[in-house]
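Values in this text are rule-based calculations from the coordinates and carry no lab data. Computed from a predicted model, the values in this text were never measured in an experiment. Ideal geometry is used to build each Cβ from the backbone, glycine not excepted, and the neighbour counts take in all protein chains shown.
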Amino acid sequence: MFAPTDAAFAALPKGIVEEVLKPENKGRLVAILKLHVVSGRVDARTAVEAGEAKTLQGSTLRITSKDGNVMVGGANVSTADLDASNGLIHVIDQVLLPQA
């Protein structure tokens, strides 16, 4: 799972969070949430070696590493491989949004 920081949410365009929380936009919210989730327990090393990750939303995110910095879908991974009861969490500095 890719978990954006609070700063990542704060950096979203004004009004986007309020807009996707409206009942009529539930599908859009679900798509955004699923874009941050990969099935299974995938550690950072495995993800970088694969070079991509298929999300529950159906998109494939590109994963790259340069000079020790890992990026997923354009977001920087600030902390990787945090254990959670349902898998591993990788903290990212952006909220990933599905392509329109």
Could you give the dipole magnitude of the chain about its Cα centre, charging the beta-carbon of Lys and Arg +1 and that of Asp and Glu -1, in debye to the nearest 20?
320 debye
Listing Glu19, Glu49 from the residue with the fewest other Cβ atoms within 10 Å to the one with the most, what is the order?
Glu49, Glu19
5 Å is the cut-off here: which amide hydrogens, built 1.01 Å from N in the peptide plane, fall below it relative to Val70, excluding neighbours closer than 5 in sequence?
Val77
What value, in deg cm²/dmol to 500, does the helix sum -39500 (n - 2.57) over DSSP H runs of n ≥ 4 give at 222 nm once divided by the residues of the chain?
-6500 deg cm²/dmol
Helix 26-35 sits at what angle to the longest principal axis of the chain, using alpha carbons and giving 0 to 90 degrees rounded to 10?
10 degrees
Find how much the distance from Thr46 to Thr79 grows on full extension, using 0.36 nm per residue of separation minus their present alpha carbon separation; answer in nm with one decimal.
10.4 nm
In order over the range 82-97: 3J(HN,Hα) from phi, Karplus 6.51/-1.76/1.60, θ = phi - 60°, whole Hz, x for each Gly or Pro, gives 7, 5, 9, 5, 10, x, 10, 10, 10, 7, 10, 9, 9, 8, 7, 10
Once R0 is set to 25 Å, what does the formula 1/(1 + (r/R0)^6) return for the Cβ-Cβ distance between Ser39 and Gln99, expressed as a FRET efficiency to the nearest 0.05?
0.80
Determine which lysines satisfy two conditions relative to Lys14: a Cα distance under 28 Å, and not lying fewer than 8 residues away in the same chain.
Lys22, Lys26, Lys34
Rg(Cα) / (2.2 N^0.38 Å) computed for the range 2-92, rounded to two decimals
1.13
